[in-house]
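*Asks:* Have a look at the structure that comes next, please.
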Amino acid sequence: MTAQILDGKALAEELRTSFRARVDALTAQGHRPGLVVILVGEDPASQVYVRNKVNACEKVGLYSEKLTYPKDVAPQVVLDKIAELNADPKIHGILVQLPLPSQFDADKVLEAIAPEKDVDGFHAENVGALMQGNPRFIPCTPYGVMKMLEKGGVDLGGKEAVVVGRSNIVGKPMAMLLLAQGATVTVCHSRTADLKFHTSRADVLVAAVGRPKMITGDMIKPGAVVIDVGINRLPPEQGGKLCGDVDFDSCKEVASLITPVPGGVGPMTITMLLANTIEAAERKAGL
Ligand code: GUN
């Protein structure tokens with residue numbers, strides 16, 4: 001069997017096109033959606049992600065601003081800026097790019113963002129709402145994965161879903177969303193004793209560990225749906241290319257549906273950030 005490829009780039013483009021009318025309607029009524037992205041330090045991967053987020057906003061017609069701080073900035077400076085943005089009616093979404101340098105308490109920063117502007121869905125209040133099955137904002141990467149599963153016609157009811165990775169950004173919210181759709185969910189992580197035992201039982205496998213090509217074809221069930229959240233850069237001696245957590249070449253011969261890297265989940269993450277920001281503006285405008 002050769003798997004069908006779930007094209008995240010095409011779906012992202014389709015969704016972004018559909019967002020334009022909503023952005024235009026909001027803008028015409030004086031509620032142009034606005035997003036501020038805060039970047040602290042010079043982490044090269046974060047710089048690329050932030051630039052892509054701001055560019056995507058511009059293309060769809062949102063207002064966006066990138067605020068950058070040196071890596072040794074005092075946390076209070078960032079907290080004061082967040083307080084100012086919380087009160088700014090032009091701004092509907094505030095995103096602080098993670099990870100933050102070590103002098104920061106990341107939870108404290110995330111809690112400082114007004115929950116109705118927390119388009120990442122990382123504020124404790126929004127995490128709680130998601131757990132209760134009543135989300136205000138769904139974290140962008142797992143939200144993008146759910147949209148891709150929907151597009152692929154995957155019915156999750158009664159399926160075995162395995163998430164590899166337990167981060168607050170992807171693994172944990174991913175598990176909640178799959179559970180809400182009726183899947184039986186297992187969360188594996190770096191201390192899981194027998195990873196292959198779990199992955200080979202998965203009807204739907206989501207890999208979000210940050211280890212290049214860790215999931216190989218012999219670890220998955222024939223006909224499985226394989227979603228690759230990983231974005232890893234291979235070392236120069238291995239070609240320096242981007243690759244996922246899934247070994248695409250071996251898994252595509254076993255899976256029924258698979259996402260590529262690049263062109264899979266990545267473009268969907270940014271798209272769902274736009275969706276959350278537009279949604280925040282619509283709520284504020286009473287639409
Ligand atoms: N770092 C890696 N992924 C993300 C994300 O989705 N949001 C933020 N704020 N930081 C990240």
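*Asks:* Can you pull out the helices (runs of 4 or more DSSP H) entirely within region 95-192 that have at least 3 residues that are under 17 Å from VAL209 (Cα atoms)?
*Replies:* It comes to 140-151, 171-180.
*Asks:* Could you list, in sequence order, the residues of region 22-50 that are out of contact with any helix residue (DSSP H, G or I) (no Cβ under 7 Å at 6 or more places or on another chain), open to solvent by 70 Å² or more (accessible area, probe 1.4 Å) and within 29 Å of GLY152 (Cβ to Cβ)?
*Replies:* The answer is TYR49, and nothing else.
*Asks:* Another question, if that's okay. Residues of region 1-33 being outside any helix (DSSP H, G or I) and within 19 Å of the chain's Cα centre (by Cα), which ones?
*Replies:* Correct list: LEU6, ASP7.
*Asks:* Taking GLY128 as meeting all but one of (1) without any contact (Cβ under 8 Å) to a residue 24 or more places away in the chain; (2) farther than 30 Å from GLY41 by Cβ, write down the number of the exception.
*Replies:* Unmet for GLY128, out of (1) without any contact (Cβ under 8 Å) to a residue 24 or more places away in the chain; (2) farther than 30 Å from GLY41 by Cβ: (2).
To keep it simple, each residue is scored yes or no on (1) out of contact with any Phe, Trp or Tyr (no Cβ under 8 Å at 6 or more places or on another chain); (2) away from the ligand (no atom under 16 Å from the Cβ); (3) open to solvent by 70 Å² or more (accessible area, probe 1.4 Å).
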{"site": "ALA161", "(1), (2), (3)": "yes, yes, no"}
{"site": "GLY165", "(1), (2), (3)": "yes, no, no"}
{"site": "LEU177", "(1), (2), (3)": "no, no, no"}
{"site": "ALA183", "(1), (2), (3)": "yes, yes, no"}
{"site": "THR199", "(1), (2), (3)": "yes, yes, no"}
{"site": "ASP203", "(1), (2), (3)": "yes, yes, no"}
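*Asks:* Look at region 115-129 and say how many of its residues are hydrophobic (A, V, I, L, M, F, W, C), over 15 Å from SER167 (Cα atoms) and either open to solvent by 20 Å² or more (accessible area, probe 1.4 Å) or over 17 Å from the mean Cα position of the chain (by Cα) (or both).
*Replies:* The number of residues fulfilling the criteria is 1.
*Asks:* For residues in region 98-114 being buried (at least 19 other Cβ atoms within 10 Å of the Cβ) and closer than 29 Å to GLN181 by Cβ, which is nearest to the ligand (Cβ to nearest atom)?
*Replies:* LEU110
*Asks:* Here's a follow-up. I'd like the full set of residues that are out of contact with any helix residue (DSSP H, G or I) (no Cβ under 9 Å at 6 or more places or on another chain) and either without any contact (Cβ under 8 Å) to a residue 60 or more places away in the chain or open to solvent by less than 10 Å² (accessible area, probe 1.4 Å) (or both), limited to region 205-229.
*Replies:* GLY210, ARG211 - these are the residues of region 205-229 that are out of contact with any helix residue (DSSP H, G or I) (no Cβ under 9 Å at 6 or more places or on another chain) and either without any contact (Cβ under 8 Å) to a residue 60 or more places away in the chain or open to solvent by less than 10 Å² (accessible area, probe 1.4 Å) (or both).
The values are calculated or read from the model by the stated rules, or taken from the named source; none is laboratory data. Since this is a predicted model, take the numbers as computed values, not measurements. Here the Cβ is made from the backbone with ideal geometry for all residues, glycine too, and neighbour counts use every protein chain on show. SASA here: full protein model, heavy atoms, side chains in, ligands and nucleic acids out. Shrake-Rupley method; radii C 1.70, N 1.55, O 1.52, S 1.80 Å.
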